[in-house]
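Read the structure below first, then the notes.
The values are calculated or read from the model by the stated rules, or taken from the named source; none is laboratory data. Just so it is clear, the structure is predicted and the values come from calculations on it, not from any experiment. Ideal geometry is used to build each Cβ from the backbone, glycine not excepted, and the neighbour counts take in all protein chains shown.
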Amino acid sequence: MFRKNKHGIQIKSAEQIAKMRAAGLVVGRTLDLLRRSVEPGMTPLDLDAIAEKAIRDEGAIPSFKGYQGFPATICASVNQEVVHGIPTDARPLRDGDIISIDCGAILDGWHGDSAVTVPVGEVDPKLLELIRVTEESMWAGIRALKVGAHLSDIGHQVERYVRSQGRYGIPQEYGGHGIGTEMHMDPWVANHGKPGRGPKLEAGMCLAIEPMVNLGTDQTRVLADDWTVVTQDGKASAHFEHSVAVTAEGPLVLTALDGGKERLATT
C-alpha cells in the first residue's frame, strides 16, 4: 500500500498526496488562527488550548500530544528557545517577544506539520529581520524541491540564503524530515551543506522543510525538561516549516492555504 524507493523513502500516489493536503490544510488553518491570536498577556498554554480545539473541531488529532511523551498540542518556543518548547502558563507573552509555534495534525492516518514565528506587539527590528530571513530561507529551500534535484540541494539553498543576509547561526543538528503515514520519516533534511549530494528527488516524495536560524551562534543546548532547545548564547532564534510534496509540476506546499502559489511565483 505504501511504496518506498531504493533509499527507503515513502513515495505517495496522487490520491495519497490529496489526503496529505487535507491534513496539511488543518494545520495551515490552525496556524493562521494562532498567528492572529498572539498578543501580549496571552500564555503559550492559552495558544495550546486554541490549537487543540481547532484541530479536533476539524476531526483531526494533534500529532504532537503524547509523541514520545510530549505533553502538548503545539511546541511554543519563545525568544532564545529554538524548538520543542513546552507550552505553560508560567510566563505570559510580553511586548517585544517572538514566539515560534510548531503544529502537527493527523487526518485519516496522514500527517501535516508546519511552523511559524510570530512577533508579539512592538518588536525590535533585528528580530523582525531574523523572522524574515528565516521564512525566506524556507522558501528558498522549498523552491529546490524539483524532480531530479538532489536532497542536499534543499539545505544548500537554505544556507545560501541565510549566509547572503548577514551573520546568523544555523543549528547543525536540527533539520527537516520526511513525512506521511508518520510525522518523522526518512530522509533527514539538513539546513546546510553542499549541493548535488544524496538521493534524487522523485515525484511523490513529501518532505518537511524547516530552517531554524539564530541571531547569534549556531550552538544550542537542551534544558532539563529534555525537550526545550535554547541558544547557547541566549540570543533569539526563529523557526519556520512547511510540509511539501514533490510533483512533476513543482513543489506543492501541503500546509500553505494557497498551496504555496503566491510565494513560489516570486523569485
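Which pairs turn up if I take residues in the range 115-129 that are within 25 Å of ILE209 (Cβ to Cβ) and look for partners that are assigned to a strand (DSSP E or B) and at pLDDT below 95 with beta carbon separation below 9 Å, at least 6 apart in sequence or on another chain?
none
Which count do you get for residues in the range 1-39 that are under 15 Å from the mean Cα position of the chain (by Cα) and either basic (Lys, Arg) or surrounded by fewer than 17 Cβ atoms within 10 Å (Cβ to Cβ) (or both)?
As a first pass, look at the range 1-39 and keep what is under 15 Å from the mean Cα position of the chain (by Cα): 23-32, 34-35.
Those still in the list that are either basic (Lys, Arg) or surrounded by fewer than 17 Cβ atoms within 10 Å (Cβ to Cβ) (or both) too: 29, 32, 35.
Residues flagged as under 15 Å from the mean Cα position of the chain (by Cα) and either basic (Lys, Arg) or surrounded by fewer than 17 Cβ atoms within 10 Å (Cβ to Cβ) (or both) within the range 1-39 amount to 3.
Can you tell me which residues in the range 9-61 are polar (S, T, N, Q), outside any helix (DSSP H, G or I) and more than 19 Å from THR73 (Cα to Cα)? Let's see the steps before the verdict.
Let us first name the residues in the range 9-61 that are polar (S, T, N, Q), namely 10, 13, 16, 30, 37, 43.
Now drop any that are not outside any helix (DSSP H, G or I), which leaves 10, 13, 43.
GLN10, SER13, listed by residue number.
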